[in-house]
Amino acid sequence: MAETQGKVITCKAAIAWGPKEPLVIQEICVDPPQKLEVRLKILYSSICHTDLGFWNGTNEAERAFPRILGHEAVGIVESVGEGVKDVKEGDYVIPTFNGECGECRVCTKEESNLCEKYQVDPMKRVMVNDGGTRFSTTTTKDGGSSQSQRIYHFLNTSTFTEYTVLDSACVVKIDPNAPLKQMSLLSCGVSTGVGAAWNSAKVKEGTTTAVFGLGSVGLAVAEGARARGASRIIGVDANASKFEKSKLMGVTDFVNPKDLTKPVHQMIREITGGGVDYSFECTGNVDVLREAFLSTHAGWGSTVLVGIYPTPRTLPLHPMELFEGRKIAGSVFGGFKPKSQLPNFAQQCMKGVVKLEPFITNELPFEKINDAFQLLRDGKSLRCILQIAKFLKR
Ligand code: NAD
Ligand code: ZN
Ligand code: ZN
């Protein structure tokens with residue numbers, strides 16, 4: 001039994017104190033897990049664009065400070081609260097921002113992965129058990145002493161900390177021999193993208209696909225479409241430096257909207273004889289979403305919306321446009337039910353069905369987390385792996 005079990009742990013965390021303020025690494029207290037909760041030691045965490053969005057604090061859901069961001073990680077169970085049966089101390093796990101209770105009306109049906117109790121909720125910032133937080137400060141942001149202040153949770157996870165507490169519905173056990181840094185990618189970006197292609201669009205062999213936004217999520221869509229035998233994968237991005245890497249994920253054609261004198265959808269319709277079978281919006285920009293929608297073939301084209309849209313603007317479509325037979329649907333966490341489907345997906349990745357290694361473009365120590373944020377903001381990284389807690393095994 002861990003000697004820390006049942007006790008408050010003092011450790012380091014990166015705190016977001018306000019919108020666009022550099023994260024501050026400081027000491028915090030992490031309370032023991034309560035009923036059906038799990039406390040994890042975070043080994044590695046990467047940064048997803050959604051972390052950037054919440055750090056920007058553009059809308060009300062995003063403005064809850066101080067907060068511990070981070071949702072893409074891998075860790076070890078330090079201790080579990082009362083009633084937790086499926087994981088135990090020492091298990092290797094990945095946190096998941098979209099949980100699975102296994103018992104509600106959604107979890108017992110195949111159709112959806114949006115668990116009634118633990119689905120991703122951008123407004124949620126406290127634990128369901130008692131409406132409290134398990135994190136508190138020991139010092140002020142400049143290191144002075146203060147009365148302890150509570151720190152908010154984020155997306156069911158909060159991984160930019162050496163220790164975190166989550167609901168056990170948001171923890172997925174993985175093979176202890178799996179490559180841990182790569183497993184961290186399954187916590188969000190790669191599962192989201194590959195799942196959007198496999199589960200949401202159900203990409204078939206020999207079909208054509210357009211992916212808008214070639215960050216990790218978009219490239220994971222491409223990798224998923226490649227693995228399913230798509231014959232043509234058109235990558236659209238305003239940052240030409242993304243194109244070279246994209247070839248590894250099966251992207252066959254590149255379109256930079258900045259180089260065009262006509263709308264992207266027109267260009268895609270021209271080169272594909274009417275439009276692609278599937279398009280995926282992975283930038284979080286509503287105008288790009290319209291281009292993605294219009295890029296598919298009338299009659300059967302299907303658009304999957306993956307980006308997160310911080311603006312209050314609504315879908316830029318006229319209802320009559322849906323009479324042309326194009327479909328559009330959103331996809332959360334790639335449609336994967338985390339606890340029941342991710343372990344199998346992880347096995348497939350380990351067999352090489354999906355290649356994870358190319359997604360890791362940078363590695364930095366935890367202390368350099370603000371540099372890692374900057375790399376993603378500048379479009380210079382896909383995923384930067386941060387080593388969070390020190391550990392010896394590998
Ligand atoms: P990223 O920042 O690494 O990649 C975004 C890419 O889009 C970049 O390459 C950028 O150059 C490109 N881009 C941005 N604006 C563009 C434009 N107007 N035209 C063309 N290209 C443009 O981000 P990421 O981590 O890959 O995440 C992508 C999106 O997916 C984000 O909105 C993120 O919040 C969202 N997301 C959704 C889910 C989900 O479950 N639905 C999960 C994870 C991430
Ligand atoms: Zn994410
Ligand atoms: Zn459920």
Based on alpha-carbon centroids, what's the gap between region 11-47 and region 298-332 in Å, whole number please? 36
Classify the chain as rounded, prolate or oblate from the Cα gyration tensor: take a ≥ b ≥ c as the square roots of its eigenvalues, call it rounded if a/c is under 1.5, otherwise prolate when a/b beats b/c and oblate if not. prolate
Volume per residue that the Cα convex hull of region 278-375 spans, once the total is divided by residue count, Å³: 171
Over the chain, with the other protein chains present, what is the accessible area per residue in square angstrom, probe 1.4 angstrom? 42
Alpha carbon centroid spacing (whole Å) that separates region 221-236 from region 52-95: 31
How far is it, in nm, from the label point at T361 to the one at D86 when both lie 7 Å from their Cα along the line to the Cβ? 3.4
K262: which aspartates and glutamates have alpha carbons under 14 Å from its alpha carbon, excluding same-chain residues fewer than 8 sequence positions away? E270, E291
Aspartates and glutamates with Cα under 17 Å of K109, excluding same-chain neighbours fewer than 8 positions away: E100
The orientation-averaged projected area of the Cα convex hull of region 131-183, in nm², is 5.3
Estimated FRET transfer efficiency when R0 is 56 angstrom, pair E3-L260 (beta carbons, to 0.05): 0.35
Long-range amide H contacts for I328: which residues qualify at under 5 Å (H placed 1.01 Å from N, peptide plane, sequence gap of 5 or more or a different chain)? T303
Whole-percent carbon and sulfur share, accessible surface of the chain, 1.4 Å: 52
Shape category assigned to region 1-149 from the gyration tensor of Cα positions, a/c cut at 1.5: oblate
Among G334, F323, C349 - extreme Cα towards positive end, dipole of region 319-358, charges at beta-carbon: C349
Restricting things to Cα coordinates, could you compute the convex hull volume per residue of region 229-317 in Å³? 109
Given the peptides 75-85, 274-284, arrange them by the average over their residues of other C-beta atoms within 10 Å, most packed first. 274-284, 75-85
Enumerate the aspartates and glutamates that K390 could reach by cross-link, defined here as Cα to Cα under 16 Å, with residues fewer than 8 away along the same chain left out. E27, E78, E162, E363, E367
Linear extension gain, E60 paired with S146, 0.36 nm per residue minus alpha-carbon span: 28.2 nm
With only Lys, Arg, Asp and Glu charged, each at its Cβ (+1 for the first two, -1 for the last two), find how big the charge dipole of region 271-344 is about the Cα centre; round to the nearest 20 debye. 340
Listed here are the pairs K35/K117; K181/K202; K7/K181; K7/K85; K20/K247; which of them are more than 23 Å apart at the Cα? K181/K202; K7/K181; K20/K247
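The values are calculated or read from the model by the stated rules, or taken from the named source; none is laboratory data. All figures in this text were calculated on a predicted structure; none of them were measured in a lab. Neighbour counts are summed over all protein chains in view; Cβ atoms, including those assigned to glycine, are modelled from backbone coordinates with ideal geometry. Note: accessible area is taken over every heavy atom of the protein model, side chains too, but ligands, DNA and RNA are not part of it. Shrake-Rupley method; radii C 1.70, N 1.55, O 1.52, S 1.80 Å.
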